[in-house]
1. If a residue counts only when it is within 16 Å of the ligand (Cβ to nearest atom) and within 24 Å of ASP237 (Cα to Cα), which strands (runs of 3 or more DSSP E) contained entirely in segment 77-144 have at least 3 such residues?
2. Output yes when any residue across segment 30-40 is farther than 17 Å from ALA204 by Cα and not in a helix (DSSP H, G or I), and no when none is.
3. For segment 188-205, what are the residues that are crowded, with 23+ Cβ neighbours inside 10 Å and touching a Gly at 6+ places or on another chain (Cβ under 7 Å)?
4. Report, by residue number, each residue of segment 211-241 that is closer than 19 Å to ASP184 by Cα and aliphatic (A, V, I, L, M).
5. Given the criteria under 20 Å from SER74 (Cβ atoms), assigned by TED's automatic domain parsing to the domain that holds ILE256 and either within 11 Å of the ligand (Cβ to nearest atom) or open to solvent by less than 30 Å² (accessible area, probe 1.4 Å) (or both), does VAL182 qualify?
6. Name the residues in segment 191-207 that are among the hydroxyl-bearing types (Ser, Thr, Tyr) and away from the ligand (no atom under 16 Å from the Cβ), would you?
7. Quick one: what pairs do we get from segment 70-83, first residue within 12 Å of ARG198 (Cα to Cα), second aliphatic (A, V, I, L, M) and at pLDDT 95 or above, C-beta under 8 Å, 6+ apart or different chains?
Amino acid sequence: MATIAHEKVGRTTDRIFNFGAGPAVLPVPVLEEARRDLLSLPGAGMSILEISHRSKAFEEILHAAIADIRRLASIPSSYRILFLQGGASLQFSMVPMNLLPEDGSADYIVTGAWSKKAVKEAQKSGMVSIAASTEADGFTRIPEQSELRLDPEARYVHITTNNTIFGTEWHREPSVGMVPLVADASSDIFSRPIDVSRYALIYAGAQKNLGPAGATLVILREDLLERIPKGLPTMLDYRTHAEGNSLYNTPPVFAIYLIRLVAKWMLAEGGLEAIGRRNEEKATMLYDALDRSGGFYRPHAKPGSRSNMNVTFRLPSEDLENQFLSEAGKHGFSGLKGHRSVGGIRASIYNAFPVAGVEALVGYLKEFASRNG
Ligand code: PMP
């Protein structure tokens, strides 16, 4: 793989454009600060990898991570911010174990492979009603409000805010009345302003927009804690982590440290309004290039459901797709291969993905189409 000096950032000159879906690109200033702290955290005299989770240094990091995330997304004080482990995949189980009693029913809106996995786990706890599914349309779109068959008695409604594999995204929350809304926001968390008060629980694996793999962010409305049944395994009970402030057991210290730096970076970038505008610009540049290719490139997602995070598309043939991918490597682009279940191309352009990388890909899209179209 070619290493090309795309990012002009001090001595970091051998970084290529990483379009990977996750773990994914991180902000360069964050990586530079982490590089410094990897040897010795100022004031601690030891590596961030070596400090105790009970140390004052980590206490400050955890506190700052929570405070900055709260500020970034204006999270009301009635919500707890937790850092758990087990990925978003464990949340597929923890949400129903904590919130779906055996005699209860939950509504799931199925918009992709991750929603289906969430359904499979929920079915082990209680009844699941599929309030809508766009599988028959190849998961090319998000359902309309009028398609949702919502049960006013449901314990909660579960959505996947961004479908990483198919490249579709909810552009506004569904109206669910008084029923708690639960969201898997793994692949678009903090990519734009969010009204947290519309949700009862939001979870996200860190490894796309928040930091490295190893931590899962859970934002939970406090009153939900009262509904949790007794007798759950201690580590799978949200109350354990809420009461212990994510320190019941050894938390993923390094991942939380990095999330703390990413949160600080997002605030310095101008917060979610500014980040959202930039994400919109980046995605628009790419979709425009695809739409103006005279049909050479075919976006997977229907307009209106398109993701600003994962741009998925096909070329006229698999041979051309393979050629596109192999030449992309030579241009210094990595991670463009679509998920194995969908094929084609996927460009993941999370918060930290630079505008220059999108511009470079647009140039390549045009050049490749004119050569092969
Ligand atoms: N939900 C979504 C939307 C995802 O994109 C992913 C991972 N790509 C997951 C859940 C699973 O996350 P994890 O690997 O952290 O368990």
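The values are calculated or read from the model by the stated rules, or taken from the named source; none is laboratory data. Everything quoted here is computed from the prediction, not taken from an experiment. Counting neighbours? That spans all protein chains shown, and the Cβs are built from the backbone with ideal geometry, glycine included. These area figures cover heavy atoms from the full protein model, side chains too; ligands, DNA and RNA do not enter into them. Shrake-Rupley method; radii C 1.70, N 1.55, O 1.52, S 1.80 Å.
1. 79-84
2. Scanning segment 30-40, I find at least one residue that is farther than 17 Å from ALA204 by Cα and not in a helix (DSSP H, G or I), so the answer is yes.
3. Scanning segment 188-205 gives SER191, GLY205.
4. Once the filter is applied, which keeps residues that are closer than 19 Å to ASP184 by Cα and aliphatic (A, V, I, L, M), segment 211-241 yields ALA213, ALA215, LEU217, VAL218, ILE219, LEU220, LEU224, LEU225, LEU236.
5. Judged against the criteria, VAL182 is a match.
6. Answer for segment 191-207, where residues must be among the hydroxyl-bearing types (Ser, Thr, Tyr) and away from the ligand (no atom under 16 Å from the Cβ): just SER197.
7. Listed by first residue and then by second, the contacts come to ILE75/ILE69; ILE75/ILE81; ILE75/VAL196; ILE75/ILE219; PRO76/VAL196; TYR79/VAL196; TYR79/ILE219; TYR79/LEU220.
Residues are listed down the side, and each one gets a yes or a no for (1) at pLDDT 95 or above; (2) within 19 Å of the chain's Cα centre (by Cα); (3) aliphatic (A, V, I, L, M):
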{"residue": "ILE61", "(1), (2), (3)": "yes, no, yes"}
{"residue": "SER74", "(1), (2), (3)": "yes, yes, no"}
{"residue": "TYR79", "(1), (2), (3)": "yes, no, no"}
{"residue": "LEU84", "(1), (2), (3)": "yes, yes, yes"}
{"residue": "ALA88", "(1), (2), (3)": "yes, yes, yes"}
{"residue": "MET94", "(1), (2), (3)": "yes, yes, yes"}
{"residue": "MET97", "(1), (2), (3)": "yes, no, yes"}
{"residue": "SER105", "(1), (2), (3)": "yes, no, no"}
